[in-house]
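Just so you know, all these numbers are worked out from the coordinates, no wet-lab data involved. Everything quoted here is computed from the prediction, not taken from an experiment. Cβ sites come from the backbone with ideal geometry, for glycine too, and all protein chains shown count toward neighbours.
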Amino acid sequence: MTAARVPAAVLFDRDGTLVEDVPYNGDPGRVVPVPGARSALALLRRRGVRTGVVTNQSGVARGLLTAAQVRAVNARVERLLGPFDVWAVCPHGPDDGCGCRKPAPGLILSAARELGVRPADCVVVGDIGSDMEAAAAAGAAGVLVPTPITLPDEVRRARHRAPDLLAAVRDLLGPRPAVGAGAERGPW
């Protein structure tokens with residue numbers, strides 16, 4: 001990507017990206033933010049960048065969680081990390097053929113539409129290849145923040161990656177211009 005303005009919105013994967021990955025978590029008490037999540041979100045909010053969460057929750061389709069449990073976990077995420085401008089949740093299983101389950105673009109397209117921004121003005125931050133594939137399919141940029149579950153091939157294929165969430169957000173925001181210096185520039 002060439003240098004451009006700060007994104008209009010940053011859409012985060014939930015599990016493994018914003019909060020520690022607890023497979024099929026239906027217990028709000030088990031929600032733990034990843035290191036740097038609060039600071040990263042605070043930076044975005046101070047700069048006026050809209051934030052959202054785009055998350056696959058196939059545990060609903062598999063009968064391992066209820067939609068109410070997913071909402072309770074999401075509410076806990078907001079209590080710990082502050083409010084998000086949009087939440088887009090896919091409750092479907094991998095074989096359901098929906099258009100919202102990442103790597104399909106539906107969650108990103110829905111979130112962008114709800115925010116009133118073009119997908120091309122969004123960046124998706126996630127920890128696995130399907131997050132990056134969904135971003136590309138929607139026409140958004142993607143930043144991979146690898147975790148122990150990220151496959152080596154996913155890391156190699158990622159066009160943009162960062163060592164952690166805070167570094168990803170700092171890269172997205174780029175340097176702050178001097179007062180009156182004009183448009184903000186960044187790598188996106």
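Scan segment 9-60 residue by residue and report those that are more than 16 Å from Asp127 (Cα to Cα) and buried (at least 18 other Cβ atoms within 10 Å of the Cβ).
If the condition is that a residue be more than 16 Å from Asp127 (Cα to Cα) and buried (at least 18 other Cβ atoms within 10 Å of the Cβ), then Ala9, Asn25, Val31, Leu41, Leu44, Val49, Arg50, Thr51, Gly59, Val60 are the ones that fit.
One line per residue, one yes/no per condition, for (1) touching an Asp or Glu at 6+ places or on another chain (Cβ under 8 Å); (2) in a loop (DSSP other than H, G, I, E, B); (3) over 21 Å from Thr51 (Cβ atoms):
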| site | (1), (2), (3) |
| --- | --- |
| Ala136 | no, no, no |
| Val143 | yes, no, no |
| Glu154 | no, no, yes |
| Leu166 | no, no, no |
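Could you please let me know if Thr55 is closer than 26 Å to Glu154 by Cβ and among the hydroxyl-bearing types (Ser, Thr, Tyr)?
Yes; evaluated as a whole, the condition is true for this residue.
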